[in-house]
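> Here it is, the structure in full.
The values are calculated or read from the model by the stated rules, or taken from the named source; none is laboratory data. This one's a predicted model, so the numbers in the text were calculated from it and none came from an experiment. All Cβ positions, glycine included, derive from the backbone under ideal geometry; neighbour counts span all protein chains shown.
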Amino acid sequence: MEREDGGPKARLGLTDTTFLVMGGMVGAGIFMNPHVVAVAAPSAAAILGAWVLGGAVALAGGFIWAELAARCPGVGGQYVYLREGFHPSVGFVYGWSNLIVTQTGGMAAVAMTFARYAHAIAPPPWSEAATAIGALVVLTVVNLAGVRVGGRVQSVLMALKVLAIASLVVVGLALAPAAPAVAAPEAPGLGPFLAAMIAVLFAYGGWATATFVSGEIEDSTRTLPRAMLLGTIAVVVLYVAVNWACLRALGVSGLVAADAPASEVMRGGVGVSGAAFIAWAIAISTFGFLAQGMLTYPRVYYAMARDGLFFRSIGRLHPKTAVPHVAILVQCVLAIATTLSGSYEQILSWVVTVDFVFLAMTAATLFVFRRRERGRRVAPLTPGGPVTAAFFIVVSLAVVWATFRVEPVRSLIGWTIVASGIPVYLFWKRRRDASGT
């Protein structure tokens, strides 16, 4: 059944919501991205500095989104903030970018990453694509069973991820032999440091996705802001600790040379069994990240449909489970199609360019809401207010600029696809206006 206001039921508590925030951030990237960052900025100070700065950006984003969630409660999260803060067309193009570029492509890539590691552990007699599709179908079925079931599955997977990351930190700091001390390399310039920040912010990205299900969180005006902050702080601590452990065990040069730094650290500390453990951890992590995406992003398309800007069926809730079942199925079908097309790797390279522009724009809505709602008391308020928002916006756009420098053609193609959402929005707006709904 639906609530009296026509929305889905509130069934997620603080623990599930906190794990949802963490699940949106922690994927397979933390196991591999320390190497990517070290290649771009081969200096211990620069490496740790990039992860600390990325943590500060994520924490600033957590504070900002917590305030926005208090100002605009309801299903849809970032889509709603952009719609109410700027214009419905901006919110629609954001949702369109998720459907066509960022989320669908990201889910396909993560599904294939899961399949790759699962096949490395225990090769089955079928293809990696079949395993990836099977993972998408299984998680679709789980989330069709209801938000509480989907949230509990996500919480269990997140707990396993935390255990794996904590094990990596303990081995790197206490069991693996320390890398020999060498002369510190020269600090990289601003360009290499910003290039390193692309991988860092990609690893930290995803804290905002929990806001998509804010209408399904118990006492969301209190629970969601607390979960945003708790989850973000926990991930910052985990990420910085992982990089500290990698630097101690491998050193800067070893981290640059290691394509799979987590495996190297575990192998050095506990032998071959450690490398096998990390393979399992990455498979679980990618599956958990996929579960989080399948739970949260269909709520954006649901909100678009409820605004009359998408197929009406996308805005339907299942009469028994009260989940947007059609939106979940559409997300699954598109992710499977992208997996089969083989184009997901290119789409994934566009994610940072597109996503962080919309993140910066969403942070800018804080200025709009504060001016528009001057005198209204909202808790929690972002510490530092405009200064924190400006810091988040500047760093986000600097990384977007760095991404354009590194991948100019793919960045332009990505934004061309996003821009295609404008005529689509105009079509649905005319259709809605003509029907008088």
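> Would you point out which residue out of L229, L290 is surrounded by fewer than 23 Cβ atoms within 10 Å (Cβ to Cβ) and under 22 Å from Y204 (Cβ atoms)?
Criteria check complete, one pass: L229.
> Turning to a different aspect of this structure: If you check every pair at least six apart or on different chains, which have Cβ atoms under 8 Å apart with a residue in the stretch 358-373 that is under 24 Å from L201 (Cβ atoms) and of a type in the set (A, V, I, L, M) first and a residue that is at pLDDT below 90 and not in a helix (DSSP H, G or I) second?
So the pair list comes out as L359/G205; L366/T382; L366/G385.
> Exactly one of these conditions fails for G191: (1) surrounded by 19 or more Cβ atoms within 10 Å (Cβ to Cβ); (2) modelled with pLDDT under 80. Give me its number.
Looking at each condition in turn, G191 falls short on (1).
> If you take the residues of the stretch 399-417 that are closer than 26 Å to A60 by Cα and either in contact with a Leu (Cβ under 6 Å, 6 or more places away or on another chain) or buried (at least 19 other Cβ atoms within 10 Å of the Cβ) (or both), which of them is modelled with the highest pLDDT?
V400
> Suppose we filter the stretch 308-340 for residues that are over 24 Å from the mean Cα position of the chain (by Cα), surrounded by fewer than 18 Cβ atoms within 10 Å (Cβ to Cβ) and either in contact (Cβ under 8 Å) with a residue 24 or more places away in the chain or in a loop (DSSP other than H, G, I, E, B) (or both); how many remain?
6
> I'd like to know if the stretch 23-39 contains one or more residues that are crowded, with 24+ Cβ neighbours inside 10 Å, in contact with a Pro (Cβ under 7 Å, 6 or more places away or on another chain), of a type outside the set (S, T, N, Q) and assigned to a helix (DSSP H, G or I).
yes
> At pLDDT 85 or above, part of a helix (DSSP H, G or I) and either acidic (D, E) or out of contact with any strand residue (DSSP E or B) (no Cβ under 7 Å at 6 or more places or on another chain) (or both): which single residue out of V101, V110, V80 fits that description?
Numbers: V101 fails: at pLDDT 85 or above; V110 fails: at pLDDT 85 or above.
Just a single option satisfies the conditions, and that option is V80.
> Given the condition modelled with pLDDT of 85 or more, among the hydrophobic types (A, V, I, L, M, F, W, C), under 19 Å from M228 (Cα atoms) and in a helix (DSSP H, G or I), answer yes or no: does some residue in the stretch 367-375 qualify?
no
> Cβ-Cβ under 6 Å, sequence separation 6+ or interchain: first residue in the stretch 62-84 and closer than 19 Å to T18 by Cα and in contact (Cβ under 8 Å) with a residue 24 or more places away in the chain, partner buried (at least 24 other Cβ atoms within 10 Å of the Cβ) and of a type in the set (K, R). Which pairs?
Sorted first by the residue in the stretch 62-84, then by its partner, the pairs are V75/R299.
> Checking the condition part of a helix (DSSP H, G or I) and surrounded by 24 or more Cβ atoms within 10 Å (Cβ to Cβ), which residue from V265, V256 passes?
One residue alone meets the criteria, V265.
> Can you tell me which of A164, A174 is part of a helix (DSSP H, G or I) and either charged (D, E, K, R) or out of contact with any helix residue (DSSP H, G or I) (no Cβ under 6 Å at 6 or more places or on another chain) (or both)?
After ruling out the rest, the residue left standing is A174.
> Further question on the same structure: Looking at the stretch 341-366, which of the residues that are at pLDDT 75 or above and within 30 Å of A129 (Cα to Cα) is nearest to the chain's Cα centre (by Cα)?
Per the stated criteria, the residue is D355.
> Yes or no: the stretch 381-389 includes at least one residue that is buried (at least 18 other Cβ atoms within 10 Å of the Cβ), over 22 Å from G105 (Cα atoms), among the β-branched types (V, I, T) and under 24 Å from the mean Cα position of the chain (by Cα).
yes
> Of everything in the stretch 268-286, what is surrounded by fewer than 24 Cβ atoms within 10 Å (Cβ to Cβ) and touching a residue at least 60 places away in the same chain (Cβ under 8 Å)? Give them in sequence order.
Correct list: G268, G269, V270, G274, A276, F277, A279, W280, A281, A283, I284.
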